[in-house]
Amino acid sequence: MREATYLEGQLLLAMPGMTDPRFERAVIFICSHSEEGAMGLVVNQPIGNLGFADLMQELDIDVVSPPDHLTVQAGGPVESGRGFVLHSADYAQDSTLVISQTLALTATVDILKAIANHQGPKNHLIVLGYAGWGAGQLETEIQQNAWLNTPANDEILFYTELEDKWPRAVAMMGIDVSLLSSESGHA
């Protein structure tokens, strides 16, 4: 496993004053973060009416009985046609990026086939696109009070409804949402 960096494996929670509408009330799982920049996946935004069966059909992959109620999510505005699967670490292939002892990321069609055949990871989120930051950009946004960060957990990632992820993650931090301000203090 790679050495974790500052926010890798954390959740970013958009502050109420987020000015970019693409990230309003966003919950983003940070997959990688270094001095060169950061990459994360929005984990609480649906992607229209695109379901797993639709995605498999678009990829021309035959599926006999696709898993029920799998959704495809909008992972962010960068490369919105590129797919990723954030999943439990009980599944890995050569191209899998192990993020922590419990979480991994795979971006190949093989994992979709495994999921379709009920042989994939126990927990998974399928997303198209990602959120990216250049060197120092995320740190600057955090200093400007755009984001909160908290450790990721399976409950939020895999077992919470999309619309409930942001308020539940904020509440798990022990924060009263009504007290959050979009303004940073200056001395």
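The values are calculated or read from the model by the stated rules, or taken from the named source; none is laboratory data. Remember, it's a predicted structure, so these values are computed and weren't measured experimentally. Here the Cβ is made from the backbone with ideal geometry for all residues, glycine too, and neighbour counts use every protein chain on show.
Quick look at the numbers
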item: Hey, residue 79 acidic (Asp, Glu) and more than 13 Å from the chain's Cα centre (by Cα) or not; result: yes
item: Scope the range 84-99; condition within 30 Å of residue 21 (Cα to Cα) and surrounded by fewer than 21 Cβ atoms within 10 Å (Cβ to Cβ); matching residues; result: 88, 97
item: Subset of the range 1-50 (residues that are closer than 23 Å to residue 72 by Cα and aromatic (Phe, Trp, Tyr)); result: 23, 29
item: Checking residue 16 against (1) within 18 Å of the chain's Cα centre (by Cα); (2) closer than 16 Å to residue 149 by Cβ; (3) of a type outside the set (D, E, K, R), the condition it does not meet; result: (1)
item: So residue 146, is it under 15 Å from residue 23 (Cα atoms) and buried (at least 19 other Cβ atoms within 10 Å of the Cβ); result: yes
item: Helices (runs of 4 or more DSSP H) enclosed by the range 105-173 - at least 1 residues per element that are within 22 Å of residue 94 (Cβ to Cβ), in contact (Cβ under 8 Å) with a residue 12 or more places away in the chain and not hydroxyl-bearing (Ser, Thr, Tyr); result: 109-116
item: Per-region count, the range 81-99, residues in a loop (DSSP other than H, G, I, E, B), over 15 Å from residue 43 (Cβ atoms) and either touching a Leu at 6+ places or on another chain (Cβ under 9 Å) or polar (S, T, N, Q) (or both); result: 4
item: Index of the failed condition, residue 106 passing every other in (1) farther than 18 Å from residue 12 by Cβ; (2) polar (S, T, N, Q); (3) in contact with a Leu (Cβ under 6 Å, 6 or more places away or on another chain); result: (3)
item: Given (1) at pLDDT 95 or above; (2) touching a Gly at 6+ places or on another chain (Cβ under 7 Å); (3) surrounded by 12 or more Cβ atoms within 10 Å (Cβ to Cβ), number of the condition residue 107 does not satisfy; result: (1)
item: The range 73-89, residues that are more than 16 Å from residue 133 (Cβ to Cβ) and either in contact with a helix residue (DSSP H, G or I) (Cβ under 9 Å, 6 or more places away or on another chain) or charged (D, E, K, R) (or both); result: 73, 74, 82, 83, 85, 86, 87, 88
item: Flag for residue 132 being modelled with pLDDT of 95 or more and either more than 14 Å from the chain's Cα centre (by Cα) or not aliphatic (A, V, I, L, M) (or both); result: yes
